[in-house]
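The values are calculated or read from the model by the stated rules, or taken from the named source; none is laboratory data. Predicted, not measured: the structure shown is a model, and the values here were computed from it. Positions of Cβ are generated from backbone atoms using ideal geometry, with glycine treated the same way; all protein chains shown enter the neighbour counts. Keep in mind that these areas ignore ligands, DNA and RNA; they rest on the heavy atoms of the full protein, side chains included. Shrake-Rupley method; radii C 1.70, N 1.55, O 1.52, S 1.80 Å.
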Amino acid sequence: QVQLVESGGGLVQAGGSLNLSCAASGSIFSINTMGWYRQAPGKQRELVAAITSGGRTNYADSVKGRFTISRDNAKDVKNTVYVQMNSLKPEDTAIYYCNVGGFLGWGREFISWGRGTQVTVSS
């Protein structure tokens, strides 16, 4: 009922930048929080950054000052969240997953995950 379409991953050299986007669509009544998680090989999935409907943001300590999360709720872009990643480091290499939480019709709560997009930072 909720579809997430991620884009923007790829290969970049250390110090470079990437911008990830995730568009949510479907039978969505409202969205509370949109965010990005990542999982590196052999490690647990961890929060990268999140943003609430009111614009409050939360970042992992490892990305503070380098990553910026934002969201666009305009009708024509259909609930899209972005993360601008600057000064990338090899340790940022991971699969990045979009995460969206909110409500469908009739008060049903949902949490959806994207399929993931690979980010590889070469040294």
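How large is the dipole of the range 46-107 about the Cα centre if only Lys and Arg carry +1 and Asp and Glu carry -1, each at its Cβ, rounded to the nearest 20 debye? Each step should come with its number before you reach the end.
Details: 7 positive and 6 negative charges, 40 e Å.
My answer is approximately 200 debye.
Couplings 3J(HN,Hα) for the range 91-100, derived from phi with the Karplus relation 6.51 cos²θ - 1.76 cosθ + 1.60 (θ = phi - 60°), are 6, 7, 4, 4, 8, 9, 10, 7, 9, 9 Hz, where x marks Gly and Pro. Here the Karplus relation 6.51 cos²θ - 1.76 cosθ + 1.60, evaluated at θ = phi - 60°, turns the backbone of the range 106-121 into coupling constants of 6, x, 7, 7, 9, 9, 10, 10, x, 7, x, 9, 7, 10, 10, 10 Hz, with x for every Gly and Pro. Loop-located trypsin sites (Lys or Arg not before Pro) in the range 1-88 (DSSP state other than H, G, I, E, B) with a sparse environment of at most 16 neighbouring Cβ atoms within 10 Å: Lys43, Arg45, Arg56, Lys64, Arg66, Lys78. Per atom type, the chain shows carbon and sulfur on 49% of its accessible surface, probed at 1.4 Å. Accessible surface computed residue by residue for the chain, with neighbouring protein chains in place and a 1.4 Å probe, gives 55 Å² per residue. Couplings for the range 11-25, taken from phi via the Karplus curve 6.51 cos²θ - 1.76 cosθ + 1.60 with θ = phi - 60°, read 9, 8, 7, 4, x, x, 9, 9, 10, 9, 10, 9, 10, 9, 8 Hz in order; Gly and Pro are left as x.
Test of understanding: in a Gaussian network model of the chain with alpha carbons linked when under 10 Å, which of Ala50, Ala40, Ala94 would top the mean-square fluctuation ranking? Greatest mean-square fluctuation among the candidates belongs to Ala40. Using the alpha carbons alone, the radius of gyration of the chain stands to its Kirkwood radius in an Rg to Rh ratio of 0.98.
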